[in-house]
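Just below is one structure, and these are the notes that go with it.
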Amino acid sequence: MKTETVKAYKEILRFELVPAFGCTEPGAVAYAASKARGLLGGFPDHIDITCSGNIIKNVKGVTVPNSGGMRGIDAAAILGAAIECGSEELEVLSLATEEDRKRAGELVGTGFCTCHLESDEGNVYIRVTATKGRDEAEVIIRDRHTNIIYMRKNDEVLLQNDSESDELRMEELKKKLNVRDIIEFADNADYSDMAELLRDQVRFNEKVAEEGMRNEYGAAVGRMLLECGGNSIRNRVRAYAAAASDARMGGCSLPVVVNSCSGNQGITTSVPVAEYARELGVAEDKMYRALILSNLVAVHIKRHIGVLSAFCGAVSAGCASGAAVTYMCGGTYEQICATIINTLANVGGIVCDGAKASCAAKIASSVDAAMMAHDMAMRGKRFAGGEGIVAGDVEKTIANVGRVGKDGMRETDITILNIMLEDENRIS
């Protein structure tokens, strides 16, 4: 394998697998607000926040972590503005105190924080303008949830970055991804410099799954699946992945390691793989190599779809975990490709209508589809090219899914946003 490809794949993993506290979008809103507070030197008198539709979609229905059960953009922004942000970034809300929660609870819904829709930016856009006395601070995040491209205090611009350069560079690296090379990388790479990152992904994400099993979060999908479906490995992998999402969407105060800017996708690429590895009794090395494959396949599929869209990310992540299970079971390149194709052919149309309790059910459905796809692949069965969006090979099939998610579902995304906003601030 070419040295430049090895370096690229490692850089992609380090870029994508980062810890986040609670749902990613409320964390990003809180991060921007906390940075604005830092520029002002204290808690603001007023906050004005403008977000892209997909940020609004993923904050509207989810519980803001460490907030005492509050929901919405204003709750995330006000709580973030109460916190002195250090290096926490997406984990900034972990610093919230009882006093911070009380202050935020008193201010939510009072007009202290005004929220607006920005329809002329990309899917990830957050602009916070905060005032304190005569001072005004502005912070803008674009393209990535922690990518601050602009900071201003009064008339002094403190930071102004061209965010496109980093994004374009990472996009070029991701173009090197393909299933054959991912398998070769998983087979042969020296991952010792990433072992701690992979270990954290398993440790953090399984801890959240255990929390979801112990306590009642949201609709408690994971607990229900385990209680009703029994303890088979096929049921456990979907139940524990769903339980982790139950907890995370329900405001659980534990971090997860994300994939493709999403904690739910980070959970889905890792929890089923680790659970299945224990069932198979494979060595830790094999499990980590399967995790590498799962994470990179998820990023590969998601690159074609885009960071936020109307295409549910649980599908690409569940598909990747199924491919990793096939890999751990000794599957060939053809069988791993068949697992991916079979999953995408089955559940490639699940829509994303925001981060919320039902994400756990969508994760369970996606993982279940991936397990069926794995069983088919191990028996030499795969859906044929020319059937719907399925092409003759895995790379073309992934590209077709990307076209559906990024281009075909654009109008679907707008319709979903308008429904969620109840005809307020309609976009076109």
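At 7 Å along the Cα-to-beta-carbon direction for both Asp285 and Asp193, put a label point, then send me their distance in nm to one decimal.
2.0
Explain nothing, just compute: Karplus ³J(HN,Hα) = 6.51 cos²θ - 1.76 cosθ + 1.60, θ = phi - 60°, for every residue of the stretch 296-301 in order, whole Hz, x for Gly and Pro.
6, 5, 4, 5, 4, 5
At what distance in nm do the modelled label points of Tyr150 and Glu167 sit from each other, each positioned 7 Å from its Cα along Cα→Cβ?
1.3
Taking θ = phi - 60°, what integer Hz values does the Karplus form 6.51 cos²θ - 1.76 cosθ + 1.60 yield along the stretch 39-46, in sequence order, with x for Gly and Pro?
Rounded to whole hertz, the list is 5, 7, x, x, 5, x, 8, 7.
Mean residue ellipticity at 222 nm from the helices of the chain, using -39,500 (n - 2.57) per DSSP H segment of n ≥ 4 over the full residue count, to the nearest 500 deg cm²/dmol? Show your work: numbers first, answer last.
On the way: 17 runs with 237 residues, N = 428.
When only DSSP H runs of four or more count, the value is -18000 deg cm²/dmol.
Expressed as a whole percentage, what fraction of the accessible surface of the stretch 122-232 belongs to carbon and sulfur atoms when a 1.4 Å probe is rolled over the protein heavy atoms? Let's see the in-between values first.
Working: 2480 of 5890 Å².
Result for the stretch 122-232: 42 percent of the exposed heavy-atom area is carbon or sulfur.
Straight-line reach only, C-alpha to C-alpha below 12 angstrom: list the aspartates and glutamates that Lys302 could link to, leaving out same-chain residues fewer than 8 apart.
Glu16, Glu171
With θ taken as phi - 60° and the coefficients 6.51, -1.76 and 1.60, list the Karplus ³J(HN,Hα) couplings across the stretch 111-128 in order, rounded to whole Hz; mark glycine and proline as x.
In residue order, the calculated couplings are x, 4, 10, 9, 10, 9, 9, 10, 9, 9, 10, x, 5, 10, 8, 9, 10, 10 Hz.
With a 1.4 Å probe and all protein chains left in place, how much accessible area per residue does the chain have, in Å²?
Numbers: 16620 Å² over 428 residues.
Counting only protein heavy atoms, the per-residue value for the chain is 39 Å².
By how many degrees, 0 to 90 and rounded to 10, does the Cα axis of helix 333-347 deviate from the longest principal axis of the chain?
50
Compute from the Cα atoms of the stretch 256-301 the Rg and the Dmax, the latter being the longest Cα-Cα distance, and quote both in angstrom.
10.5, 31
Quick one: Kirkwood hydrodynamic radius for the chain, alpha-carbon pairs, angstrom, one decimal?
Working: mean 1/r = 0.0463 Å⁻¹.
When all Cα pairs of the chain are included, the Kirkwood radius is 21.6 Å.
Please compute, over every Cα-Cα pair in the stretch 342-428, the percentage with a separation greater than 17 angstrom. The partial results should precede the final answer.
On the way: 2219 of 3741 pairs.
Pairs farther apart than 17 Å: 59 percent.
Grab the alpha carbons of the stretch 182-228, take their convex hull, and tell me the volume per residue in Å³.
On the way: hull volume 5.2 nm³, N = 47.
Output value, Cα hull per residue: 110 Å³.
Cα atoms only, the stretch 115-272: Rg and Dmax in Å?
Calculated on Cα positions, Rg and Dmax stand at 20.5, 63 Å.
Tell me the angle of helix 313-328 to the major Cα principal axis of the chain, expressed in degrees between 0 and 90 and rounded to the nearest ten.
40
The values are calculated or read from the model by the stated rules, or taken from the named source; none is laboratory data. This is a predicted model, so every value here is computed, not measured. When we count neighbours, we look across all protein chains shown, and the Cβ atoms used for this are built from the backbone with ideal geometry, even at glycine. What goes into the accessible areas is simple: the full protein's heavy atoms, side chains included, and nothing from ligands, DNA or RNA. Shrake-Rupley method; radii C 1.70, N 1.55, O 1.52, S 1.80 Å.
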